Amino acid sequence: MLAKYRYVLGDRTYRFVNLAQVMAKASPARAGDRLAGVIADSAEERAVAQHVLADVPLQTFLDEALIPYEADEVTRLILDDHDAAAFAPIRHLTVGGLRNWLLGDEATPARLAALRPGLTPEMVAAVSKLMRNQDLILVARKCRVTSAFRNTLGLPGRLATRLQPNHPTDEATGIAASVLDGLLYGNGDAVIGINPATDNLAQTLHLLQLLDEIIQRYEIPTQSCVLAHVSTTVEAIAKGAPVDLVFQSIGGTEATNRSFGVTLADLAEAREAALGLRRGSVGDNVMYFETGQGSSLSADAHHGLDQQTCEARAYAVARKFEPLLVNTVVGFIGPEYLFDGREIIRAGLEDHFCGKLLGLPMGCDVCYTNHAEADQNDMDNLLTLLGVAGCNYIMGIPGSDDVMLNYQTTSFHDALYLRRTLGLRPAPEFEQWLARLQIFEDVQGPRLPGAVPAAFARPLARLHESRGDG
Amino acid sequence: MAEDAHDPPAAEVPDGGVIDNPWASLRAYTDARIGLGRAGISLPTAPLLAFQLAHAQAKDAVHTALDTEALTRQLAGLAHPLAQTAPLLLATQAGDRATYLQRPDLGRRLDEPSRERLAEAHGAAPADLALVLADGLSARAVAAWAVPVIDALCTALAAAGPDWRLAPVCLVRQGRVAIGDEVGERLQARAVVVFIGERPGLSSPDSLGLYLTWAPRPGVTDAERNCISNVRRGGLAPAAAGRRLAYLLGEARRRELSGVQLKDRSAADPDEGPPRPGNFLAP
């Protein structure tokens, strides 16, 4: 076969059959690409592929679709929505040139924002493969993406958390107990979001009601979400349920999304239904998406692409629907895709960078499973790096232990650590609420009071009386 | 630094100054790690160490090898005809744990010696049911709960009739759920049940899963399986799991299928514990 991409190194000539192979072999090593058989055969081949990729003109990504236009609706979305005018300032560049441009002083937050519609996920994935971790952090920090529903997320110097009160049987008392714990540690501004143990309509209606009652009772400037399948949420809306956000897991190829039981049309329909409820007070971003490297390979829907490029393509799906929240559930998928702490940390930084550069309100589920070679120290490292990079939000869960999904993510305490060490504050509306209810006695610190704030002391006392131990 | 020098001396407290959470009693309602208290804004030493121990146990569960000798002794002690045949020791093409964790495809295929062993063992008569015990992600779960479930299963199957011809029990090292498909096909079994260690959580390092497949052969999809999960202390009791499995096997044999079309209509276990107050934050 005639190799379009080749590189002569000494007396050896490296050949790559297509752009997808250059991208895959240029990727920093990870288990999923090895499993897919697309990984570089040697460290030298990887470095050579990076040289080749650096010389690819950005225009090539518009001319050579990695997955054919006819075969994949995500490709069609990417190419049909591409904005040539926004692309103009960088159209003369190669991938290597784009890295220099992004790092350069000319790439101000305003110019980066204007560039977004001109970038495709493949361009962004490509440049990330040439970047060191510090590059991914520095450029992401310049990308400011805000979104709003009942509060404003993503402002500079702010860090929000999703309060994740999961329970193995969706039992209301247990969920309320975790919600209380999280609120009293100042968590929950991004969303109070439950992964239901059972994904059916009755359970979803029940949980939506539970969360809505808490938000209304305490006038919390935040939003709720039950992370059921989009079709369940659409049914719940039709039943008149108090739906703030529509959740869906998405991937970067049409076939991946089919494996999740969803099409672009389904997502558009769900968004319209949620917008129709007009439940947001300061904004109308009503979608919540979760992604993660490896989902396409896991569904045998990766078309021979590396897993990080598939992941970046998922962000094209997300940005079409102007979400409030996107997060990469980076370490959940397991060691077949990201083997250890090193691979998880790299992937988390890549995903955050790619999402932000494409204009998404990126958060990260800084997490691992017990069969991955990772531990709390790895998560501390990724958490701190993402805090520096300006990540919009992280998860918050009691003591890092999700007793329903059986994995470890960041705790309520972890968010306070990041806020205190980096001076990061909650979303402004939520911050005012924390101060008003005296959950934080010093918001800047932050410092917490020893006693239970009055608004929550009453229900706790009632509960203790009913148990006869008040 | 100069300003710090003017701070008054810190008060002397025995635990270094942990601020307890008055809502810690809510732990009665959830296994979630709520009300942990704080040292400043950080995790106090006691819950930190408790977490580290739980994580260590979960990690060990993943990396502990399947003790086939102990399982063989356990099986031999059962008061069922099954106990009279020694189990077959098999292994997959994932030669070690590191390979197993990164190559799910290899954990679904038997290695050549295992294939030869099965060819010698199955003899002329096809079996109705093959029981496959695989380490999965927690050999500890298999060691703790597989044989008690088999005990309850055999009792329930004998009571329900008609007879099930059982193949020798297979013990598989480095196995995934789908290994049952190849084992079942090679034993010409009409059904296979895989007993496998589930992904360990911090509070559940020894949770066992049971996967029933009618007409096993490589290429079966997960939609064609029935799963009974969370067999452990604090989860589904082994005796109840064995009975439920016997019910599903009976239905699978009657209808000659398994999976989404075969719903579990066995009586639900009664909810344990006293009634709970529900959403106490907004009663």
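The values are calculated or read from the model by the stated rules, or taken from the named source; none is laboratory data. Keep in mind that this is a model prediction, so the values were computed, not measured. Neighbour counts run over all protein chains shown; Cβ positions are idealised from the backbone, glycine included. SASA here: full protein model, heavy atoms, side chains in, ligands and nucleic acids out. Shrake-Rupley method; radii C 1.70, N 1.55, O 1.52, S 1.80 Å.
Key figures
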{"read-out": "Inter-label distance for residue A:238 and residue A:454, nm, one decimal - labels placed 7 Å from Cα along Cα-to-Cβ", "value": "4.7 nm"}
{"read-out": "Among B:164, B:23, B:214, residue whose mean-square fluctuation peaks in a GNM of chain B (springs only between Cα atoms under 10 Å)", "value": "B:23"}
{"read-out": "Mean accessible surface per residue for segment A:201-299, computed with a 1.4 Å probe while every protein chain stays in place, in Å²", "value": "36 Å²"}
{"read-out": "Dipole magnitude (debye, nearest 20) for segment B:1-157, charges at Cβ of Lys, Arg, Asp, Glu", "value": "540 debye"}
{"read-out": "Estimated FRET transfer efficiency when R0 is 22 angstrom, pair residue A:421-residue A:29 (beta carbons, to 0.05)", "value": "0.10"}
{"read-out": "With every protein chain in place, chain B: carbon and sulfur % of accessible area (1.4 Å)", "value": "53 percent"}
{"read-out": "Per-residue mean of C-beta atoms belonging to partner chains within 10 Å, peptide A:398-408", "value": "6"}
{"read-out": "Where Rh is the Kirkwood radius over Cα pairs, Rg/Rh for chain A", "value": "0.98"}
{"read-out": "Heavy-atom SASA rank of A:365, B:105 (probe 1.4 Å, accessible area, largest first)", "value": "B:105, A:365"}
{"read-out": "Hz values of 3J(HN,Hα) by residue in segment A:375-383 - Karplus curve (6.51, -1.76, 1.60), Gly and Pro given as x", "value": "8, 4, 5, 4, 5, 4, 4, 5, 4"}
{"read-out": "Net +/- balance of residues flanking residue B:27 in space, Cβ distance below 12 Å, scoring K and R +1, D and E -1", "value": "-1"}
{"read-out": "Under-5 Å amide H pairs with residue B:127, H placed in peptide plane, nonlocal only", "value": "B:189, B:190"}
{"read-out": "For segment B:211-225, Karplus couplings with θ = phi - 60° (6.51, -1.76, 1.60), whole Hz, Gly/Pro x", "value": "10, 9, 10, 7, 6, x, 6, x, x, 4, 9, 5, 5, 9, 10"}
{"read-out": "DSSP-defined beta bridges in chain A - what % are antiparallel, rounded to 5", "value": "30 percent"}
{"read-out": "Trypsin sites (Lys or Arg not before Pro) within segment A:68-100: DSSP coil, no more than 13 neighbouring Cβ in 10 Å", "value": "A:91"}
{"read-out": "Under 5 Å, built H, 5+ apart or other chain: amide partners of residue B:133", "value": "B:170, B:171, B:172, B:195"}
{"read-out": "Efficiency of FRET from Cβ geometry, residue B:112 and residue B:233, R₀ 45 Å, rounded to 0.05", "value": "0.70"}
{"read-out": "Spin-label model distance (nm) - residue A:432 vs residue A:100, 7 Å beyond Cα toward Cβ", "value": "4.8 nm"}
{"read-out": "Chain B - accessible surface per residue (Å², probe 1.4 Å)", "value": "48 Å²"}
{"read-out": "Cα centroid of segment B:18-88 to Cα centroid of segment A:215-266, whole Å", "value": "34 Å"}
{"read-out": "Of all accessible heavy-atom area on segment A:25-65, the percent that carbon and sulfur account for (1.4 Å)", "value": "47 percent"}
{"read-out": "At least 50 Å² accessible surface lost relative to isolated chain, residues of segment A:170-214 (1.4 Å probe)", "value": "A:173, A:177, A:181, A:185"}
{"read-out": "Residues whose placed amide H lies under 5 Å from that of residue A:448, excluding near-sequence neighbours", "value": "A:441"}
{"read-out": "Residues losing 40 Å² or more accessible surface upon assembly, segment B:36-51, compared with the chain by itself, 1.4 Å", "value": "B:38, B:41, B:51"}
{"read-out": "DSSP loop GluC sites (Glu not before Pro) with at most 13 other Cβ within 10 Å excluded, longest remaining stretch of chain B", "value": "B:13-255"}
{"read-out": "Out-of-range pairs (alpha-carbon distance over 23 Å; input A:129/B:59; A:320/A:356; A:25/A:320)", "value": "A:129/B:59; A:25/A:320"}
{"read-out": "3J(HN,Hα) from dihedral phi, segment B:204-209, Karplus parametrisation 6.51/-1.76/1.60, rounded to Hz, x for glycine, proline", "value": "8, x, 10, 8, 9, x"}
{"read-out": "The protein assembly as shown, helix-only ellipticity at 222 nm - DSSP H runs n ≥ 4, -39,500 (n - 2.57), divided by all residues, nearest 500", "value": "-12500 deg cm²/dmol"}
{"read-out": "Distance in nm between pseudo-label sites at residue A:219 and residue B:188 (7 Å out along the Cβ direction from Cα)", "value": "7.7 nm"}
{"read-out": "Interface size B-A, as summed buried accessible area [1.4 Å probe, Å², nearest 100]", "value": "4500 Å²"}
{"read-out": "Candidate aspartates and glutamates for bridging to residue A:4, where Cα separation is under 17 Å - those fewer than 8 sequence places away on the same chain excluded", "value": "A:45, A:55, A:63, A:64"}
{"read-out": "Förster-model FRET efficiency, 51 Å R0, residue B:261 and residue B:6, C-beta, rounded to 0.05", "value": "0.10"}
